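This report concerns only the one structure given below.
The values are calculated or read from the model by the stated rules, or taken from the named source; none is laboratory data. These figures come from a predicted structure and were not determined experimentally. A quick note on method: Cβ atoms are made from the backbone with ideal geometry, for glycine too, and the neighbour counts reach across all protein chains shown. The area values use the complete protein model at the heavy-atom level, side chains included, leaving out ligands, DNA and RNA. Shrake-Rupley method; radii C 1.70, N 1.55, O 1.52, S 1.80 Å.
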Amino acid sequence: VVPELSEEQQEELTTIFQTVLPKGNEYYVQADNLGAAAAPILITQSEFMRRYREMSAMGGGMNFYGEMPPMYNITVNMENPLVERIMAAKGDIKGKEELEAFASGNEILKQVTDLALLANGMLKGKDLSDFIARSAKVVEDAYLK
């Protein structure tokens, strides 16, 4: 059963996740209930767009699609305990700038987003180095406590 979010809640969810996703791509963020054991975030790409971008890269005369930024669907599993914790931490925060500040400073949000990016081969460069450092810190904190 897909959760019913108000337009405002959907915009807030989109703002939060677009803040921590790599710039230069287009993201369509949607909420779904996939079960508590399922991944917190799933990233998929439209097969149609992926194929047209590949054809334009090979000179298939479809340059329009090649010039468009890559487009990804971000499915947020609202039943995942980590997502529930992120949304509880958000609380009553409203407004684009406040939501962006919240998202930028939330390590759990960044970690689960980076895991989804890593699973799709989309985590590279400095973002990958930051993820590894953050992961090492999480493991160290868990082990030393």
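Give me a count of the residues in the range 96-110 that are farther than 25 Å from Asp141 by Cα and surrounded by 11 or more Cβ atoms within 10 Å (Cβ to Cβ).
Residues that pass the stated criteria total 4.
Kindly provide the set of residues from the range 9-44 that are in contact (Cβ under 8 Å) with a residue 60 or more places away in the chain and either part of a loop (DSSP other than H, G, I, E, B) or out of contact with any Phe, Trp or Tyr (no Cβ under 8 Å at 6 or more places or on another chain) (or both), ordered by number.
Glu12, Leu13, Thr15, Thr19, Val20, Leu21, Pro22, Ala39, Pro40, Leu42
Within the range 111-124, restricting attention to residues that are open to solvent by 50 Å² or more (accessible area, probe 1.4 Å) and in a helix (DSSP H, G or I), which residue is nearest to Ile41 (Cα to Cα)?
Residue satisfying both the conditions and the ranking: Leu115.
Among the residues of the range 1-40, write down those that are of a type in the set (D, E, K, R) and farther than 20 Å from Asn106 by Cβ. Quick ask: steps written out before the conclusion?
Residues of the range 1-40 that are of a type in the set (D, E, K, R), as a first pass: 4, 7-8, 11-12, 23, 26, 32.
Once the filter is applied, which keeps residues that are of a type in the set (D, E, K, R) and farther than 20 Å from Asn106 by Cβ, the range 1-40 yields Glu4, Glu7, Glu26, Asp32.
Report yes if some residue within the range 50-60 is surrounded by fewer than 18 Cβ atoms within 10 Å (Cβ to Cβ) and touching a residue at least 60 places away in the same chain (Cβ under 8 Å); otherwise report no.
No - not one qualifying residue is present in the range 50-60.
Tally the residues that are within 25 Å of Ile132 (Cα to Cα), touching a Leu at 6+ places or on another chain (Cβ under 7 Å) and modelled with pLDDT of 95 or more, restricting the search to the range 89-110.
1
Could you please let me know if Glu84 is of a type in the set (D, E, K, R), open to solvent by less than 80 Å² (accessible area, probe 1.4 Å) and within 27 Å of Glu4 (Cβ to Cβ)? Step through it out loud before you land on a result.
Details: of a type in the set (D, E, K, R): yes; open to solvent by less than 80 Å² (accessible area, probe 1.4 Å): no; within 27 Å of Glu4 (Cβ to Cβ): yes.
For Glu84, the condition - of a type in the set (D, E, K, R), open to solvent by less than 80 Å² (accessible area, probe 1.4 Å) and within 27 Å of Glu4 (Cβ to Cβ) - is not met.
Scan the range 10-27 for residues that are open to solvent by 40 Å² or more (accessible area, probe 1.4 Å) and modelled with pLDDT of 95 or more and report the count.
3
Tally time: how many residues in the range 66-110 are out of contact with any strand residue (DSSP E or B) (no Cβ under 7 Å at 6 or more places or on another chain) and in a helix (DSSP H, G or I)?
25
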